[in-house]
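**Q** Structure provided below as structure tokens; questions to follow.
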Amino acid sequence: MKHHPVFDKWPPKHRDRIQLYSIASPNGIKVAMALKETGLPYEPHLVNLFEKEQFAPEFVALSPNSKIPAIIDPDGPGGELLPIMESGAILLHLADKSGRLLPRDPLARSECIQWLFFQAAHIGPMFGQFEHFYRLDENEVDISYPRERYRKEAMRLLQVLDTRLDGGGNIMGDDYTIADIATLPWVRNVKRECAEVDHLDLASFGNVNAWFDRSMARPASQAGMKVCDIPGA
């Protein structure tokens, strides 16, 4: 295995395995879930965001945007190291590498990738903003406008997802794919945020709730949430 600067801070013990650099946040969890689903051998490394490790030069050499997760595949094209940042790109790589979680039919593959981008462009950013503003102390800053803006957008996106899931299946019907894996941790986060006060009227999205329960019951989902976790965080 050739050298990468990130190995100086997080030395790999198993150089023949995919190296995962992450923390158990929604974007990190979805890659961990995909690794568990595919069974691809990997070695996890905790990038502690609370200690600003994402800004370490060694990590920036792998992920220039200082965002987790990132991976290094030791068996890239031509046997070279393949560094990959951005969770959506990682999910596509893992699906192609394993031959799982992504339809092989060209039309279905394209549709699945569209829903993956729907998560990356809309659900992740909007749910994240919703959570951010509902955690702020409204006595310290006027947050009434952004709270309502992101609450309404989060509800709109949940309705889009609920309509897609009508029929009782997954995002791509019978097949469980990277589109489900990408979306699941973000829905989990807003459900936790609304555990005490249901700001999003989550009970009204019956298809989303049923899909969430089915998806969370998968062994890989349960295992993926624990990868690169910080106890008590």
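**Q** Based on the Cα gyration tensor of region 45-98, what are the three equivalent ellipsoid semi-axes, each the root of five times an eigenvalue, rounded to whole Å and given largest first?
**A** 22, 12, 8
**Q** Helix 124-135 against the longest principal axis of the chain: what's the angle in degrees, Cα atoms only, rounded to the nearest 10?
**A** So the inclination is approximately 60 degrees.
**Q** Using the scaling law 2.2 N^0.38 Å as the reference, what is the normalised Cα Rg of region 74-122?
**A** Rounded to two decimals, the normalised Rg is 1.25.
**Q** With respect to the cross-link table entries Lys9/Lys226; Lys97/Lys152; Lys13/Lys67; Lys36/Lys191, which display a Cα-Cα separation exceeding 31 Å?
**A** Lys97/Lys152
**Q** What is the calculated FRET efficiency for Leu40 to Tyr145, with r their C-beta to C-beta distance and R₀ = 45 Å, to the nearest 0.05?
**A** It comes out at approximately 0.50.
**Q** Still on this structure, I have one more. Helix 87-98: angle to the longest alpha-carbon principal axis of the chain, degrees 0 to 90, nearest 10?
**A** 60 degrees
**Q** Next question, about the same structure. Output the 0 to 90 degree angle, nearest 10, between the alpha-carbon long axis of helix 144-164 and the longest principal axis computed from the alpha carbons of the chain.
**A** 80 degrees
**Q** Which whole number of Å³ per residue matches the convex hull of the alpha-carbon atoms in region 80-160?
**A** 116 Å³
**Q** Cα-based Rg of the chain per 2.2 N^0.38 Å, rounded to two decimals?
**A** Taking N as the residue count of the chain, the ratio is 1.04.
**Q** Under the definition of Cα pairs under 8 Å and six or more residues apart, what whole-number percent is the relative contact order of the chain?
**A** It rounds to 26 percent for the chain.
**Q** Whole percent per 10 Å bin, from 0 to the bin with the longest distance: what is P(r) over all C-alpha pairs of region 119-220?
**A** So the P(r) values, bin by bin, are 15, 48, 27, 8, 1.
**Q** Turning to a different aspect of this structure: Would you calculate the volume per residue, in Å³, of the smallest convex hull containing every Cα atom of region 161-206?
**A** 67 Å³
Bear in mind that the values in this text are calculations on the coordinates, not laboratory data. From a predicted model like this one, the values you see are computed outputs, not experimental measurements. Here Cβ is always computed from backbone atoms with ideal geometry, including for glycine, and neighbour counts include all displayed protein chains.
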